[in-house]
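Structure first, commentary second.
The values are calculated or read from the model by the stated rules, or taken from the named source; none is laboratory data. Fair warning: this is a prediction, and the values are worked out from it, not measured in the lab. Note that each Cβ is placed from the backbone with ideal geometry, even for glycine, and that neighbours are counted across all protein chains shown.
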Amino acid sequence: MKTSPVAISIAACLTAAPALADEAPDGGAITVTAQRDQLKLEQRSDAGSRLDLTIMETPASVETLTQADLQFRGLRTAREAFADVPGAIAGNVPGNPAVVSMRGFAGNVVSILQDGVRISSSTVVQRDTNTWHFDRIEVIKGPASVLFGEGALGGVINKVTRKPTFDGNHMDALLSYGSFDTLSAAGGVNVQVSDTLALRADASYLHSDSLYDVDDNRTRSSGLTASLLFRPSDDLSILLAVDHYNDRADSAYQGAVLIPLAYARDPGKAVSTANGMVVDKATRHRNYTPRGGYSGADDTTIRSRIDLALGAGWSLGTDLLWYTANRAFVNNGTRTFVAPSAGFPNGSIQRGLTRFYHDHQFWNVRTALGNDGTIAGLRNRFTIGAEYNHTDLASLRETSTSTLVARVDPFDPAVGMFPTDGTQYRASNVNFDSRLRTTSVFAEDALNLTPQWLLVGGIRYDHMDLDRASTDYLVTPNPVTRANPKFDPFSWRVGTSYALTPALTIYGQYTTAVSPVSSILLMPLANTRFKLTKGYSYEGGFKLAAFDRRLTITGAAYRIVQNDIITRDPTDPTLTVQGGTQSSQGVELSVGAAVTDALSLGASFGYADAQYDELVEAGGIDRAGNRPVNVPSTTAAANFAYTLPGVPVTLSGFVRHVSGFYTDTANTILVEGRTIFDAAVSWQIAEQLTMAVRGRNLTDAFYGEYSGYGSNDIYIGAPRSVEVSLSTRF
């Protein structure tokens, strides 16, 4: 693979930092300022630790995207936000919207939290939520099972919802309209009822003919969040909140289908394959899912947080959460190109049909006792706690036989209607019932050996009790198969950070993690016999905030190893066993500078050398040395923001490069790298009103964003688009 000149140029641009948006101090509209990441190293991160450490103190790589950042960058949905994280890429597979690949790992080994709580693996619960409701998105890279339990191997993304503040009454709103008939509207209000009571409510709505500009893919999502913060005294704080989200994508887009070069009308260069298959630009807008198919979800969360100061540095924090969701995935299961035949002179797309449904309930309670005091005259921060959660998930999975599904022309598909007759689904018709009960205890400690030298450690023990039942509706009288595996993982970490100067800190850490061989609530019954995979990571890095915090530089080098992944027995490839290994090692660098009060620049660079160290597949084929699916080796980004002198107009530009990645473990299908350019012009019309015009993918690049369920399914990124927005705050 060749490295493009653009990628080299981006890497060479690592002389400045991300530009930003922020709220004007007088309560005016969101405007560009000269401080984005420069202050973030001093902020606390819920994802990095429960010890109230600053990001500068935390011995790990921690990224934060604030609501102001999201608006400045024009990141409307969770997928767009996750893809903007340095070193990460994201896609929108219908059954796993906003799936993330980070540090060489993807899917259920990257945990996504909701206000610090992991409800289930990201492949089950994550949706492409409107970003308006997030106060910030926190990202901790690398293993974090010691904080959040199984699944947190590649990293953790914590979506922190907006909450009430005691800074008076104010409102903010955002309205935008653009290409593909995409309309987004959102607003929020903060009401300070008294010195002890504040309320906040936010609502959002997004509608688009298709965010990917494909046929029959009308998309809409909405959110409603509200919370109450009661502080009767300095020692007690009570938060009550409710969040409701809904989304639906008609005829859910499952990507382009690879077509042999001989039959392609306009072969593109987005994909290279060993057998001459291509993505045909002539099918760029085609969608093969029958009408009536869709992907959607409706979920509600009720939560509370109680913080009590006990005196003498002691505190008690308790989280309660209840969550319910209904999800549906009614789409093509498989899609395969078939050579020309009678009735199909252009070839055809053979489709399967699937109907998957989730009925999901979850509740969680977590309490932690903390202390900020001294030991032998040394500052020591300590927390110990326990957590219990209970999950019930019913998942009906119906699959049609391909002979019952009509083929369609690749270039002019008559998609038809999705069958509702249950007799169509005779390939499989199974309901999985899962009940998972997890009891956990954890502890963390941060000891200042000197004012500059901090030692951090943590441990976590989980007891996981899974009841799994499978009911087969194709056989009478509906036989039920059961499994009841139990897991008792133990995770730990130790790290240290040292402030060489007030502006420069170096750090290092070693941490462990555990993860099931697949999503624990959806894994096949045969896989319940496997133990959890085990992983570990070591990492070192530095964090710099210099020149009166006008320059920040963060860097890290890491290695992550996951053992006991599923492989085939080398002596008998017909047997599936544990014993495979996957690893990744790499470096990351982010630089930020406020060059002047009018100009800020930014860049980031990440390199990940990921591979299967040991993996044998069916037939005894050895995949050792191959790169994992959806894992690029290089990501890089740069941006700038410049406010014109004497004019309330700000120009901003963004460029992002992602190198090529494979869609199969054999590494025979390569999605080529891409470089995407965006730009925006914002005009502060009045003190409290800003208008912006934004262009995305200005070169109209034709590129693969992510791969889907099958290695031949390539999600093509959105073409060039433009939007106009108005934002206000008063």
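Can you name the residue in segment 713-730 that is outside any strand (DSSP E or B) and in contact with a Phe, Trp or Tyr (Cβ under 8 Å, 6 or more places away or on another chain) and is also surrounded by the fewest Cβ atoms within 10 Å (Cβ to Cβ) among such residues? Spell out the reasoning first.
First pass over segment 713-730, keeping only residues outside any strand (DSSP E or B): 717-720, 730.
After this cut, where a residue has to be in contact with a Phe, Trp or Tyr (Cβ under 8 Å, 6 or more places away or on another chain) as well, the list is 717-719.
On the way: GLY717: 20, ALA718: 21, PRO719: 17.
Top of the filtered list is PRO719.
Conditions tested, residue by residue: (1) more than 30 Å from VAL365 (Cβ to Cβ); (2) polar (S, T, N, Q).
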| residue | (1), (2) |
| --- | --- |
| PRO410 | yes, no |
| THR438 | no, yes |
| LEU454 | yes, no |
| ARG468 | no, no |
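Given the options VAL408, VAL430, name the one that is hydrophobic (A, V, I, L, M, F, W, C) and either at pLDDT 95 or above or under 30 Å from ASN389 (Cα atoms) (or both).
VAL430
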Legend entry - Single residue of segment 549-579 satisfying the filter (more than 28 Å from the chain's Cα centre (by Cα) and acidic (Asp, Glu)) that is nearest to SER600 (Cα to Cα): ASP569
Inset, instruction - Please find, among GLY155, GLY178, GLY187, the residue that is surrounded by 22 or more Cβ atoms within 10 Å (Cβ to Cβ) and not acidic (Asp, Glu). - result: GLY155
Legend entry - Selected residue (only one of ALA483, ALA499 is farther than 30 Å from ILE553 by Cα and more than 26 Å from the chain's Cα centre (by Cα)): ALA483
Legend entry - Residue in segment 326-348 that is in contact (Cβ under 8 Å) with a residue 12 or more places away in the chain, out of contact with any Phe, Trp or Tyr (no Cβ under 6 Å at 6 or more places or on another chain), of a type outside the set (Lys, Arg) and more than 30 Å from ALA427 (Cβ to Cβ) present: no
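Is at least one residue of segment 114-133 of a type in the set (A, V, I, L, M), under 9 Å from the mean Cα position of the chain (by Cα) and part of a strand (DSSP E or B)? Walk me through how you get there before you give the answer.
Looking only at segment 114-133, we keep the residues that are of a type in the set (A, V, I, L, M), and these are 117, 119, 124-125.
Now restrict to residues that are under 9 Å from the mean Cα position of the chain (by Cα): none.
No, the conditions are met nowhere in segment 114-133.
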Inset, instruction - Identify, by number, the condition in (1) over 18 Å from ARG305 (Cα atoms); (2) in a strand (DSSP E or B); (3) polar (S, T, N, Q) that ASN158 doesn't meet. - result: (1)
Inset, instruction - Output the number of residues of segment 638-680 satisfying the condition of being within 21 Å of the chain's Cα centre (by Cα), among the β-branched types (Val, Ile, Thr) and farther than 16 Å from GLU705 by Cβ. - result: 1
Legend entry - Output for segment 212-243, where each listed residue is more than 21 Å from ARG76 (Cα to Cα) and of a type in the set (Ser, Thr, Tyr): SER227, SER233, SER237
Inset, instruction - May I ask you to say which residue of ARG482, ARG460 is part of a strand (DSSP E or B), basic (Lys, Arg), in contact (Cβ under 8 Å) with a residue 60 or more places away in the chain and within 25 Å of ILE520 (Cα to Cα)? - result: ARG460
Legend entry - Options GLY292, GLY311, GLY276; residue that is of a type outside the set (Ser, Thr, Tyr), modelled with pLDDT under 95 and touching a helix residue (DSSP H, G or I) at 6+ places or on another chain (Cβ under 9 Å): GLY276
Legend entry - Failed item in (1) surrounded by fewer than 23 Cβ atoms within 10 Å (Cβ to Cβ); (2) within 16 Å of the chain's Cα centre (by Cα), with PHE105 passing the rest: (1)
Inset, instruction - Examine segment 205-228 for a residue that is out of contact with any Lys or Arg (no Cβ under 9 Å at 6 or more places or on another chain), touching a residue at least 40 places away in the same chain (Cβ under 8 Å) and surrounded by fewer than 16 Cβ atoms within 10 Å (Cβ to Cβ), and state whether such a residue exists. - result: no
Inset, instruction - Just give me the residues in segment 235-289 being part of a strand (DSSP E or B), over 20 Å from VAL671 (Cβ atoms) and either without any contact (Cβ under 8 Å) to a residue 24 or more places away in the chain or charged (D, E, K, R) (or both), in sequence order. - result: ASP243, ASP247, ARG248, ASP250
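Any residue in segment 533-548 that is among the basic types (Lys, Arg) and surrounded by fewer than 22 Cβ atoms within 10 Å (Cβ to Cβ)? Before the answer, list the steps.
In the first step, residues of segment 533-548 are kept if they are among the basic types (Lys, Arg); the result is 534, 543.
Filter again for surrounded by fewer than 22 Cβ atoms within 10 Å (Cβ to Cβ), leaving 534.
Checked segment 533-548: at least one residue is among the basic types (Lys, Arg) and surrounded by fewer than 22 Cβ atoms within 10 Å (Cβ to Cβ).
Across segment 486-518, what is the number of residues that are outside any strand (DSSP E or B) and surrounded by fewer than 20 Cβ atoms within 10 Å (Cβ to Cβ)? Break it down into steps so the answer makes sense when it comes.
First pass over segment 486-518, keeping only residues outside any strand (DSSP E or B): 488-489, 502-503, 516-518.
Add one more test, that the residue is surrounded by fewer than 20 Cβ atoms within 10 Å (Cβ to Cβ), and what stays is 488, 502-503, 518.
Residues that pass the stated criteria total 4.
So which of ASP700, ASP664 ends up being in a loop (DSSP other than H, G, I, E, B) and either free of Cβ contacts under 8 Å to residues at least 24 places away in the same chain or among the hydrophobic types (A, V, I, L, M, F, W, C) (or both)?
On the way: ASP664 fails: either free of Cβ contacts under 8 Å to residues at least 24 places away in the same chain or among the hydrophobic types (A, V, I, L, M, F, W, C) (or both).
It is ASP700.
How about segment 320-405: which strands (runs of 3 or more DSSP E) wholly inside it have at least 3 residues that are surrounded by 18 or more Cβ atoms within 10 Å (Cβ to Cβ)?
Numbers: elements: 335-338, 348-351, 354-375, 378-399.
Passing ranges, in order: 348-351, 354-375, 378-399.
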